[in-house]
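Notes follow the structure.
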Amino acid sequence: MSGSPMRVLVTGAKGQLGHDVMASLGAAGDELLGTDLDELDITRRDQVHDVLVAWRPDVVVNCAAWTAVDACEGDSERAHLANGFAVRWVAEACDAIGARLVHISTDYVFDGTKSSPYGESDEPNPQSVYGASKLMGEREALAIGDAATVVRTSWVCGAHGSNMVRTVQRLVAENIPMSFVTDQVGHPTFTADLAPALRRLVVERVSGLVHVTNQGAVSWYEFVREVVRQLGADPDRVKPISTAELNPPRPAARPANSVLDNAVWRDLGWSLTRDFREPLADMLAGS
């Protein structure tokens, strides 16, 4: 699976996923150009084309996005620029130079009403501005055909970013009461496992939509209890509530069912990624 070294441009390289993508590709011997907003603003079509034409990567891994879900709800124009039109500029430039594009998307493209996990062939129906903007980005990426891979993932956590695990660590350390919802279910996904999975999809030239998450479906309440347990604290410190009980309520709707079936990955005959409890333990051991 190692494949020949590649020339790879990573956008959003300073984010939690971008950081681990850079580390994973670097360990594989790839030649890397990591960019973030201060080096490349992907909402600027001219900048995107200039950088890609000048550097001519074999692959672009687009980790850049505006992921502030509730803030997106109040600024649809900015959300669609960052998560939709920007992907068009990246896809266009990839197409112009013959580069493969790996674009990261989200479980929020679904409405969460399905009673079983969502497969790649299920029809999206986003219920938030963020989800709608990410669905636009998916379609812009896939418009270049077989040279594009759109990877949907969920509940992303990494050692080098702000995420639920880091939030819970702080709440436990400061002995702050915790209440989390029981009626939103998904697959926590760790960048330490997601990043090498992205490279495998490139090496094996898998195109189209692919769901990649860690395994083990849980509610946010159950996930936080597991984080607290692994921290050596009492999980009963975490209290269950419903989404309707959140105070204040969140501006953006969240899908009740965010569980993504990794069907394409499984159908390729590949082993599914680890149960989330394993990379969680690794992350906490390294913090």
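The values are calculated or read from the model by the stated rules, or taken from the named source; none is laboratory data. All of these numbers come straight from a predicted model, not from anything done at the bench. A quick note on method: Cβ atoms are made from the backbone with ideal geometry, for glycine too, and the neighbour counts reach across all protein chains shown. With ligands, DNA and RNA removed, areas are computed over all heavy atoms of the protein, side chains included. Shrake-Rupley method; radii C 1.70, N 1.55, O 1.52, S 1.80 Å.
For the chain, modelled as a GNM whose springs connect Cα atoms under 10 angstrom apart, the maximal fluctuation among 68, 23, 148 occurs at 68. Here's the thing: no lysines lie within a cross-link span of residue 14, going by alpha-carbon distance under 16 Å and ignoring same-chain residues fewer than 8 apart. Quick check: from the Cα gyration tensor, does region 190-287 come out rounded (a/c under 1.5), prolate or oblate? Oblate, because a/c is 1.5 or more while a/b does not exceed b/c.
Calculated FRET efficiency, residue 182 to residue 47, Cβ-Cβ distance, R0 = 35 Å: about 0.20 to the nearest 0.05.
Between residue 247 and residue 281, the FRET efficiency estimated from the beta carbon spacing at R0 = 30 angstrom works out to 0.40. In the full protein context, the chain carries 43 Å² of accessible surface per residue, based on a 1.4 Å probe and ignoring ligands, DNA and RNA. The alpha carbons of region 156-215 give a radius of gyration and a Dmax of 15.5, 48 Å, in that order. Near residue 143: Cβ cut-off under 12 Å, other residues only, Lys/Arg at +1 and Asp/Glu at -1. The net charge is -3.
Electrostatic tally near residue 47: other residues with Cβ closer than 12 Å to its Cβ, Lys and Arg +1, Asp and Glu -1, net -3. Annotation for region 1-76 versus region 178-206: alpha-carbon center distance of 18 Å.
Beta-bridge orientation, the chain: approximately 5 percent antiparallel, per DSSP, counting only bridges with both partners inside.
Volume per residue of the convex hull around the Cα atoms, evaluated for region 59-180, comes out as 128 Å³. Of the accessible area of the chain, computed with a 1.4 Å probe over protein heavy atoms only, carbon and sulfur atoms account for 49 percent. The convex hull drawn around the Cα atoms of the chain, when projected onto a plane and averaged over every direction, covers 14.3 nm². Around the amide H of residue 149, modelled in the peptide plane, lie the amide H atoms of 101, 102, 103, 208, all under 5 Å away and 5 or more residues distant in sequence or on another chain.
Name the lysines eligible as straight-distance cross-link partners of residue 114: C-alpha to C-alpha under 30 Å, and not fewer than 8 places from it in the same chain. Excluding near neighbours in sequence, the set is 134, 239. Based on Cα atoms of region 44-91, Rg over Rh with Rh as the Kirkwood radius reads 1.05.
Among the trypsin sites (Lys or Arg not before Pro) within region 1-62, those in coil by DSSP and having at most 16 neighbouring Cβ atoms inside 10 Å are 44. Computed over the chain with a Gaussian network model linking Cα atoms closer than 10 Å, the most mobile of 215, 184, 230 is 230.
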